[in-house]
1. For residue 164, which of the numbered conditions (1) without any contact (Cβ under 8 Å) to a residue 40 or more places away in the chain; (2) farther than 28 Å from residue 32 by Cα; (3) within 16 Å of the ligand (Cβ to nearest atom); (4) exposed (fewer than 14 other Cβ atoms within 10 Å of the Cβ) fails to hold?
2. Does residue 105 meet the test of being part of a loop (DSSP other than H, G, I, E, B) and within 16 Å of the ligand (Cβ to nearest atom)?
3. State which residue is nearest to the ligand (Cβ to nearest atom) when the search covers only the stretch 83-99 and only residues that are surrounded by 18 or more Cβ atoms within 10 Å (Cβ to Cβ) and assigned to a strand (DSSP E or B).
4. Consider the stretch 108-147. How many of its residues are more than 12 Å from the ligand (Cβ to nearest atom), in a strand (DSSP E or B) and over 13 Å from the mean Cα position of the chain (by Cα)?
5. Within the stretch 186-193, is there a residue that is within 14 Å of the ligand (Cβ to nearest atom), modelled with pLDDT of 95 or more and within 26 Å of residue 81 (Cβ to Cβ)?
6. Please identify the pairs in which a residue from the stretch 98-125 that is over 22 Å from residue 26 (Cα atoms) has its Cβ atom under 6 Å from the Cβ atom of a residue that is outside any strand (DSSP E or B) and within 11 Å of the ligand (Cβ to nearest atom), counting only partners at least 6 apart or on another chain.
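The values are calculated or read from the model by the stated rules, or taken from the named source; none is laboratory data. Everything numeric in this text was worked out from a predicted model, so none of it was measured. Every residue, glycine among them, receives a Cβ derived from its backbone with ideal geometry; neighbour counts consider all protein chains shown.
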Ligand SMILES: [Fe+2]
């Protein structure tokens, strides 16, 4: 209740949550993520053969078709299953959503990632292979740009009054979020490189069916 009920004019009060911004946080079981992590790190090692070392303050991203690599099949299966659950939660009828892009991120100590979103997809995901104290968070930014017009001081930061929510992650954490949602990563303050794998997902039948007018056949 937001309004004191000591005032006699109130029968009841409630806060109605409208248009919530949802981020799904899934922690893979240790035996599942340990196998995925070993396979992912093995793939990265082979992809980075012959490349210069990623120095402090630098970041490296792989190509964006890692979902076609056998080494990431188990991880891609987890992401696809998580996305299917999200669609079910959202009560979206289109059942087929597919990974359109998948790439690895290696951020050396000192490296940050500025705020961005992932256009032309419906869902995005990130899976954490190697996190460290000081390199174990991601920031999500309020998508309601007009909400920042007035920012009064607050007595306590909460998800209802802030323009940025910091989500803590650890090895084996999988986050799924709307692709439009701006996010950023603070400079790696850990002692070693942070390794993650990013995903974009889109409805398989988007051009065939979903992009048609919602009001029926033309
Ligand atoms: Fe991203």
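1. Failed condition: (4).
2. no
3. Per the criteria, the residue is 99.
4. 4
5. The answer is no, given that none of the residues of the stretch 186-193 is within 14 Å of the ligand (Cβ to nearest atom), modelled with pLDDT of 95 or more and within 26 Å of residue 81 (Cβ to Cβ).
6. Every condition considered, the pairs that remain are 115/182.
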